[in-house]
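Working notes, structure below.
The values are calculated or read from the model by the stated rules, or taken from the named source; none is laboratory data. Model, not experiment: these values are computed from the prediction. Quick reminder, even Gly has a Cβ in these numbers, built from the backbone with ideal geometry, and neighbours come from all protein chains shown. Ligands, DNA and RNA are excluded from the accessible area calculation, which covers all protein heavy atoms including side chains. Shrake-Rupley method; radii C 1.70, N 1.55, O 1.52, S 1.80 Å.
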Amino acid sequence: MSVTSLRGRMLEAFRGKVFLFMSVTGGIFIIFIFQLINLQFIQGSYYTTRARSNIEDNVPVPASRGEVYDRHFDIQSSSNKVIASNRPSFNITTVPAKFENKKQMAEIVQRVAVLLGVDSFELLREMDKANPWQRIVIKEDVSFDIVVSIASHEELYEHIMWEDAPVRVYNYGPVFSHVMGYIGSIDPGEYDKLKDQGYKYYQKIGKNGIEKQYDNFLRGTDGSVKRIVDVHNRTEGEELGDEPVSGNNLVLSLDYELQNVAYTAMQDKMGSVVAVKPSTGEILVLLSKPDFDPNLITSKNASDILASLQSDEQKPFLNRAIQSKYPPASTFKIITSIAALEDEKWQPDWRYFCSGHYILKGLQDRSYQCYKGQSHGNLDMIGAIGMSCNVYFYNLGYKIGPTSIINYAKYLCMDKVTGIDLPGEISGFVPSKQWKMKTFGQGWFDGDTINLAIGQGFTSITPVALCDLVSAIVNKGIVYKPHLVREVRSQDNATVIKRIEREKLFEIPLSARTIETVTSGMRFGVTNGTSARLNYLKVPIAAKTGTVQTRSVVKSDNTQHAWFVGFAPFGGSAEDSVVVVVMVEYGVAGAIAAVPVGEAVFSKMISMGYFNDTQK
Amino acid sequence: MIRRSDLAKFDLWLIVFVVILSLIGIFTIYSAGFDAVTKINNGMYKKQIISFVIGLVLMFGIMVINFRIIEQNCFYIYIGLLFIVILTSFLAPSIRGTRAWIDFGFFSIQPSEFMKIAAIVMLAKYLELRERDIQNFRELFVPAIITLVPVFFIMLQPDFGTAMIFIPVLFVMLFAAGADITHLVSVASIALIALLIPTYITHHEWLHAETYNPVISFFQKGSGVFILIAVLIFISAVFFAFRFIFAKKSYRRIYIPATVLSIGLVLAVILQRSLRDYQKNRILVYLNPDLDPKGAGYNVIQAKIAIGSGGFFGKGYLSGTQTQYGFLPEKTSDFVFPVIAEEWGFFGALVVILLMFGIIYQGLKIALEAKDKFSSLLAFGLSSLFLFHAIINVGMVIGLTPVTGIPLCFVSYGGTNLIMCMIAVGILLSIKMSKSS
């Protein structure tokens, strides 16, 4: 009996335990169901997104960069001068995070490096450093054949992708190198600054010149294609994402023909050429030598070429028209003349006698020479400007004093940037008494004054600023900001999105007498003086030359910089006028080195009909 | 042999659940078997169908033959299987680092799967024989040996997942057989202390290495912990002696916790100080798969993505992106549940869970209705075997329990596991039929 009851009790106990076990089982299954609800409903959209991102590979479709034309662009014409355009090509890319492990990555990268002829060691180092989910460009601008051979061996090139990537083409290579600048991969510093403006880490960005200045117009908006991929990144399908929006086109104020003539005329001289229409500020020619071919350096794989250009001691990347300043030399006599006449301390027909020497009285008399010590005889102001007589301007400078000259140099903005639409412009420099005291701990000497008067010594200006100086005279005291772009056009060129209007930079009230005297002096320089070489041209030119005493670091024999500044037509309407500035570094005496370049540009302008209204 | 009246006791529901779940498994294995690129099926589902058919034959065979044959020969079955498992552990070819398979050319068998049933039968038999003495702590020794010997050799293979499943089954069978709860809790506590302290320290060192934590500094620095252990051992020794000197059972309340704590601490200290850095990393990833999203954590992360993106009705059969494009690993075996949850959504996952619960429920009902202790314990043990497979497998793929390679019964690809499960169901059916004979 007791056995049965014991058995019964134990059976009861067993029942209780099984029920308990069953309840716990049920509880655990309910917890599982709750977790399923959590994963599939509460966090459902998160996991759906992650599942999508597993199979989606957003391949950017680069926007086509805007084209760039010269000033004679005509939408009807088929012979427009296209300075920059694009050519379809491919990039080979990869994403380091997609590889299963380092070993697989190294293997495949090595294989693809051999195929593409790039340095696999360098590439692996780059992949190690980068954010593993960023796409890395292995090689830019590869041929379709290479793409085909990668696509047809997916098993050998797992995780290696290709994408459309138009290549920038600069059709005239070095001729427009400093104007156009070039594009290159955005570097981490630039990316940090610009990512808020929609730039992506894999994009190309304008690095210099127009490409940089107008990047926002040129770049357009990248589109994308969604590739549906499996775990090995093999393509399962494609979905169209956003369409790329091409960049806008630019019509420059530059004239291809003139630029080309100037480029040819400069040969292998160092220096720069600038031509501006004073009535609008439009730049017709902007050239700097030595140059470079931007086509060679836009590719990521051209870093060697880029580095060697950057370390070249002739500084080919330097845009000498806006980034170099030189003593203005005799071209400064224009400012001294303006100061003397505007301050009414001098009359144009008042004369000085040039004996070839000027004696500066002092504790110890010092003698200053005219060019080669030759006498110019008795000169009025027109003659003095035309013959570029130093002795005349020593006397004049001494008479009117430094303050007046310095003031006019500043009124004419010789110490400011011109605001040209290119990055990296520097300003010229105009000294002052306070500056000299602060810098040298010395007062202003008379010797400083007479050096100032003829543009030697402390003053320095950029070629583009000299353009503005002469523009002020030609355009009756109003100077418009020099600019390179006339129009921003839509991708199909049908609509003008933005027209760059002339913008006044500064205005200086100049009397008609001052303008007439200075321009006549410059005209005299062509008819009788240092620029006589231009006298034969059918349109009257007025010009001034200048020679900067300097010491060469590159060449040993030629130790003078040569300036030429001229405008045409003399006596014509300001609307038609063009100012040309030529600077040749380390030439021999202004006239010899710089004048022929000016001559070539003016001659071409005449034959192209720039001054037809005047010629009639 | 089976009699006409027995047919009334035929557990139709259990058979229906098992067949439906197995068919779901076969269809899922078919779906998960496509290559992402070639779109060619790897044909695993065919092998699973063959295993299913063999399983059905064995299931009904055992139901008809009567499980008593197994009961009578349980010792020989156990010893024979153990011998095969040991041989396998040492002699079998290593497949993916594990010596668990005997290869017969066109099919291979994993003896450790059958060992699960053999051990449960042995445990049920022993616990029935020792029913009256099971409260005695010494009686726990033999069940422990029955379980831990195969566990040891399976660990050698090494097949951690398979080995692990024996332990909770042993515990709940001891519990059901009437073992002293104090004993079970004590043993479990020792294991918990020994495992949790090193885990906690590792986790803390990783999370806030700089901040001062009195518990950890007590454990890591100085001799504090050793003094504590010594004091605990002293206390337990004294009170253990008192218990016999004064014959007062109530001293158990003092010396048992003291002993449990001291042993647990000793093991914890040994474990903590012998952990290498890579082992610590494993523990961390074990607890938090997101720490190693490309390595150990990858599987669970992809499984959760598959499940979570399934929504209510799923992406459709053969249309799960995680499954079909190869992001989900081990999708036919351990990670088969996410395939269902992705392609059939919450609905499909719920059906599987409910079917699994139904099988366990039917098994436990059979355990309650069985006429003798052995049958009850056997039915209970087999049901718990299904349960622990389900808890560990589903818990892992939904991110609630650590990653351990264990299949989901009836659903996962794997002939031996499926056949083992069907045999277990055959035994259950047989128990139900023979209850009043």
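Loop-located GluC sites (Glu not before Pro) across the range A:242-316 with a Cβ neighbour count of 15 or fewer within 10 Å are A:Glu313, with loop assigned by DSSP. Amide H to amide H distances under 5 Å link A:Phe90 with A:Asp141, A:Val142, A:Ala165, where only residues 5 or more positions off or on other chains count and H is placed in the peptide plane.
Tally Lys/Arg at +1 and Asp/Glu at -1 over every other residue whose Cβ is under 12 Å from the Cβ of A:Tyr69; what's the total? Don't skip to the answer; put the middle values down first.
Working: positive: A:Arg71, A:Lys81, A:Arg486, A:Arg489; negative: A:Glu67, A:Asp70, A:Asp74, A:Asp255, A:Glu487.
Result for the local shell: -1.
Residues in the range A:291-298 carry Karplus couplings, in order, of 10, 8, 9, x, 4, 7, 10, 6 Hz; the curve used is 6.51 cos²θ - 1.76 cosθ + 1.60 with θ = phi - 60°, and Gly or Pro positions show x.
Note the buried accessible area between A and B here, summed over both chains, with a 1.4 Å probe, in Å² to the nearest 100.
Heavy-atom accessible area buried at this interface is about 4200 Å².
Which of the chymotrypsin sites (Phe, Trp or Tyr not before Pro) across the range B:32-135 are loop residues per DSSP, with 12 or fewer other Cβ within 10 Å? Working shown, then result.
On the way: sites: B:Phe34, B:Tyr45, B:Phe52, B:Phe60, B:Phe67, B:Phe75, B:Tyr76, B:Tyr78, B:Phe83, B:Phe90, B:Trp101, B:Phe104, B:Phe106, B:Phe107, B:Phe114, B:Tyr126; in loops: B:Phe67, B:Trp101, B:Phe104, B:Phe106, B:Phe107.
In loop regions of the range B:32-135 (DSSP not H, G, I, E or B), the sparsely surrounded chymotrypsin sites (Phe, Trp or Tyr not before Pro) are B:Phe104, B:Phe106.
When the solvent-accessible area of the range B:128-256 is split by element, carbon and sulfur atoms take up 73 percent of it, the probe being 1.4 Å. In this structure, the residue pairs whose Cα-Cα separation is over 20 Å, taken from A:Lys98/A:Lys195; A:Lys538/A:Lys604; A:Lys399/A:Lys476; B:Lys294/B:Lys331; A:Lys204/B:Lys294, are A:Lys98/A:Lys195; A:Lys399/A:Lys476; A:Lys204/B:Lys294. Averaged across the residues of A:41-50, what count of C-beta atoms belonging to other chains lies within 10 Å of each residue's C-beta? Partner-chain Cβ atoms within 10 Å, mean over residues of A:41-50: 5.
Please compute the average number of Cβ atoms from other chains found within 10 Å of each residue's Cβ in peptide B:333-345. Mind showing how you got there, number by number?
Numbers: counts 0, 0, 0, 0, 2, 1, 0, 0, 3, 3, 0, 0, 3.
Per-residue shielding by partner chains comes out at 1.
With θ taken as phi - 60° and the Karplus curve 6.51 cos²θ - 1.76 cosθ + 1.60 applied, the whole-hertz 3J(HN,Hα) list for the range A:381-389 is 5, 4, x, 5, 5, x, 7, 6, 7 Hz, x standing for glycine and proline. Please go through the range A:408-500 and write out the chymotrypsin sites (Phe, Trp or Tyr not before Pro) that DSSP classes as loop and that have at most 14 other C-beta atoms within 10 Å. Taking the range A:408-500 and a limit of 14 other Cβ atoms within 10 Å, the loop chymotrypsin sites (Phe, Trp or Tyr not before Pro) found are A:Phe445.
A 1.4 Å probe over all protein chains sorts B:Ile307, B:Ile419 by accessible area into B:Ile419, B:Ile307, starting with the largest. Computed 3J(HN,Hα) for the range B:404-412, one whole-Hz value per residue from the Karplus formula 6.51 cos²θ - 1.76 cosθ + 1.60 where θ = phi - 60°, is 9, x, 9, x, 8, 3, 6, 9, 4, glycine and proline marked x.
What accessible area per residue comes out for the range A:334-434, rounded to a whole number of Å², with a 1.4 Å probe?
Details: 4570 Å² over 101 residues.
It amounts to 45 Å² per residue over the range A:334-434.
Compute the accessible area per residue over the range A:2-42, keeping the other protein chains in place, probe 1.4 Å, unit Å². Each step should come with its number before you reach the end.
Working: 2380 Å² over 41 residues.
In whole numbers, the range A:2-42 has 58 Å² accessible per residue.
A straight line joining the Cα centroids of the range A:447-509 and the range A:166-242 runs 32 Å.
In chain A, Cα pairs under 8 Å separated by at least six residues give a relative contact order of 14 percent.
Contact order, relative form, for chain B: 26 percent (alpha carbon pairs under 8 Å, 6 or more residues apart, mean separation divided by residue count).
Quantify, in whole percent, the carbon and sulfur part of the accessible surface of the range A:2-42 (1.4 Å probe; protein heavy atoms only).
Working: 1780 of 2380 Å².
On the range A:2-42, the fraction of accessible area on carbon and sulfur atoms equals 75 percent.
As a fraction of the 1.4 Å probe accessible area of the range A:175-281, surface on carbon and sulfur atoms comes out at 46 percent.
In degrees between 0 and 90, to the nearest 10, how far off the longest principal axis of chain A does helix A:333-342 point, with axes built from Cα atoms? For helix A:333-342, the angle is close to 70 degrees. For A:Leu284, nonlocal amide neighbours, meaning residues 5 or more places apart or on other chains whose placed amide H falls under 5 Å from its own, are A:Ala275, A:Val276, A:Lys277. For peptide B:391-399, the mean count of partner chain Cβ atoms within 10 Å of a residue's Cβ comes to 3. Paramagnetic label reach from B:Lys249 (point 7 Å along Cα→Cβ; backbone nitrogen cut-off under 15 Å): within the range B:100-134, residues B:133-134. Between B:Ser112, B:Ser309, B:Ser375, the Gaussian network model of chain B with springs among Cα atoms under 10 angstrom shows the greatest mean-square fluctuation at B:Ser309. For the pair B:Lys371 and A:Tyr191, label points projected 7 Å from Cα toward Cβ lie 7.9 nm apart.
Please work out the average accessible area per residue across chain B, using the 1.4 Å probe convention, and give it in Å². Don't skip to the end; give the middle numbers.
Details: 19450 Å² over 437 residues.
Value for chain B: 45 Å² per residue.
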